[in-house]
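Reading through the structure tokens given below for one structure.
The values are calculated or read from the model by the stated rules, or taken from the named source; none is laboratory data. All figures in this text were calculated on a predicted structure; none of them were measured in a lab. No Cβ is skipped: glycine too gets one built from the backbone with ideal geometry, and neighbour counts run over all protein chains shown. Heavy atoms of the whole protein, side chains included, go into the accessibility calculation; ligands, DNA and RNA do not. Shrake-Rupley method; radii C 1.70, N 1.55, O 1.52, S 1.80 Å.
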Amino acid sequence: MSDTNSKITGGCSCGNVRYELKEEPMFIHCCHCHLCQQQTGSAFITHAFIEDSNLVIHSGELGSFQGPSGSGGKHTVKACNNCGAAIVSYFGPTTHLAIIKVGTFDNPSSSPPNAHIFTESMVAWIKVPNNIKCYKQFYSFQEAWPSESFSRLQKVRKIKT
């Protein structure tokens, strides 16, 4: 992930929304499911998991949009009210776990993925490096994530709405 001495910053395509992550993401994965392909108009999306309390919006306003999720559960996407660029998703009933769109980072190259998921629907021309974990579908958080990251995830899941 990025240099620990620098904060991750990012924003939307028109520049109205600017944000900062106060901590490093817990985990980053690329999702190759067909739903993510449809939602992005691309071959996959890269998501960074972080506690919502570590996401600071410095400027602009995010509108909320409800969309489908692979599990059939609730999926809220927050996007720039001006250009419509999706910044963050929330899955399930809470907004304590933010899933940031890595493509909105100012330097997405500084935050490579820890894993690729739903590779069973990956387009044929994508080649994942051998040192990156791949899962045909989803993974077990406890098995895939580093222990420190999994501990952070457990803490954020205990927050009551």
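Among the numbered criteria (1) out of contact with any strand residue (DSSP E or B) (no Cβ under 8 Å at 6 or more places or on another chain); (2) over 14 Å from residue 88 (Cα atoms); (3) of a type outside the set (Asp, Glu), which single criterion is violated by residue 53? Answer for residue 53: the failing condition is (2).
Candidates 6, 59, 2, 13: the one that is among the hydroxyl-bearing types (Ser, Thr, Tyr), exposed (fewer than 15 other Cβ atoms within 10 Å of the Cβ) and at pLDDT below 95 is 6.
Residues checked against (1) over 19 Å from residue 121 (Cα atoms); (2) in contact (Cβ under 8 Å) with a residue 60 or more places away in the chain; (3) within 13 Å of the chain's Cα centre (by Cα); (4) not in a strand (DSSP E or B):
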site	(1), (2), (3), (4)
13	yes, yes, no, yes
30	no, yes, yes, no
38	no, no, no, yes
56	yes, no, no, no
65	yes, no, no, no
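Taking the criterion of being within 14 Å of the chain's Cα centre (by Cα) and in a strand (DSSP E or B), the residues of region 79-101 that qualify are 79, 86, 87, 88, 89, 90, 91, 97, 98, 99, 100, 101. The lone criterion from (1) open to solvent by less than 50 Å² (accessible area, probe 1.4 Å); (2) under 26 Å from residue 142 (Cα atoms); (3) in contact (Cβ under 8 Å) with a residue 24 or more places away in the chain left unmet by residue 79 is number (2). Could you tell me whether any residue of region 46-53 is open to solvent by 70 Å² or more (accessible area, probe 1.4 Å), part of a helix (DSSP H, G or I), in contact (Cβ under 8 Å) with a residue 40 or more places away in the chain and in contact with a helix residue (DSSP H, G or I) (Cβ under 9 Å, 6 or more places away or on another chain)? Yes, some residue in region 46-53 is open to solvent by 70 Å² or more (accessible area, probe 1.4 Å), part of a helix (DSSP H, G or I), in contact (Cβ under 8 Å) with a residue 40 or more places away in the chain and in contact with a helix residue (DSSP H, G or I) (Cβ under 9 Å, 6 or more places away or on another chain). Against the test of being under 18 Å from residue 102 (Cβ atoms), assigned to a strand (DSSP E or B) and among the acidic types (Asp, Glu), the options 20, 24 yield a single qualifying residue, 20. Scanning region 112-133 for any residue that is crowded, with 16+ Cβ neighbours inside 10 Å, within 25 Å of residue 64 (Cα to Cα) and touching a residue at least 24 places away in the same chain (Cβ under 8 Å) turns up nothing. Filtered by the rule that a residue be outside any strand (DSSP E or B), within 14 Å of the chain's Cα centre (by Cα) and hydrophobic (A, V, I, L, M, F, W, C), region 102-137 gives a lone residue, 102.
You will find that of 73, 103, 84, the residue that is over 28 Å from residue 6 (Cα atoms) and surrounded by fewer than 19 Cβ atoms within 10 Å (Cβ to Cβ) is 73 and no other.
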